[in-house]
Amino acid sequence: MEPTNIFRILNVKRVEDPHDRMLEWLFDPAAGHGVPDLAAAIISCLWQRECSERVNLVKRPFNVGEKSWPDLAVQFETALLLIENKVNASAFQEGQIKKQHELAIMLQKGAPLFHCLLCPDRMVNTVVDFQSDAFRVLPYSVLVNLISARSAQMVPQAGLCRLA
């Protein structure tokens, strides 16, 4: 089976900005898309932790300080989920993700931090220059599966919807 290619699904060029805009919309629980708690689902999947905090803000891009801007942030009541989206290997800047992570730790002042690199499946093994319990790699296929699972929860079961 061929790996999930979100750009082929969306029929868009491999350009980060439209992809980030779509992600911002999907992560906003008030956006009306029918995908509830996507940020909490990612935290549960990647860190095996439940996050029952309410989402206060979804922002693209998000300044963590010192001219460092992860592509997307989901601010909960205390926790912060940061997502750096890399659509291809040439988009990597040496030390970028590590710097974001260090600044986000200072910003959070001990509050929960979840930081991930969102990337095509073929890039999952791309070397990231640091390790942290608060950092994970999120392949597109996992994101697509989480979106599918969450949206399926919102679909009425057969026979429960009847037209008058």
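The values are calculated or read from the model by the stated rules, or taken from the named source; none is laboratory data. The structure presented is a predicted model; accordingly, all values stated were derived computationally and were not measured. Please note: Cβ atoms are built from the backbone with ideal geometry, for glycine as well, and neighbour counts cover all protein chains shown.
Values computed for the structure shown
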{"quantity": "Search result, residues across the range 65-120 that are basic (Lys, Arg) and either under 16 Å from the mean Cα position of the chain (by Cα) or under 17 Å from residue 21 (Cα atoms) (or both)", "calculated": "86"}
{"quantity": "So residue 111, is it surrounded by fewer than 16 Cβ atoms within 10 Å (Cβ to Cβ), in contact with a strand residue (DSSP E or B) (Cβ under 9 Å, 6 or more places away or on another chain) and either modelled with pLDDT of 95 or more or charged (D, E, K, R) (or both)", "calculated": "yes"}
{"quantity": "Filter result for residue 85 (modelled with pLDDT under 95 and within 22 Å of residue 130 (Cα to Cα))", "calculated": "yes"}
{"quantity": "Every pair of residues 6+ apart whose Cβ atoms lie under 7 Å, when the first sits in the range 42-62 and is within 22 Å of residue 31 (Cα to Cα) and of a type in the set (S, T, N, Q) while the second is modelled with pLDDT of 95 or more and outside any loop (DSSP other than H, G, I, E, B)", "calculated": "56/75; 56/76"}
{"quantity": "Matching residues in the range 28-71 - criterion: being among the hydrophobic types (A, V, I, L, M, F, W, C) and more than 15 Å from residue 115 (Cβ to Cβ)", "calculated": "30, 31, 35, 38, 40, 41, 55, 57, 58"}
{"quantity": "Members of the range 44-93 that are β-branched (Val, Ile, Thr) and out of contact with any Asp or Glu (no Cβ under 8 Å at 6 or more places or on another chain)", "calculated": "64, 74"}
{"quantity": "Filter pass, residue 24 being modelled with pLDDT of 90 or more, surrounded by fewer than 17 Cβ atoms within 10 Å (Cβ to Cβ) and under 27 Å from residue 106 (Cα atoms)", "calculated": "no"}
{"quantity": "Residue within the range 125-147 that is over 30 Å from residue 54 (Cβ atoms), in contact (Cβ under 8 Å) with a residue 12 or more places away in the chain, of a type outside the set (Ser, Thr, Tyr) and assigned to a helix (DSSP H, G or I) present", "calculated": "no"}
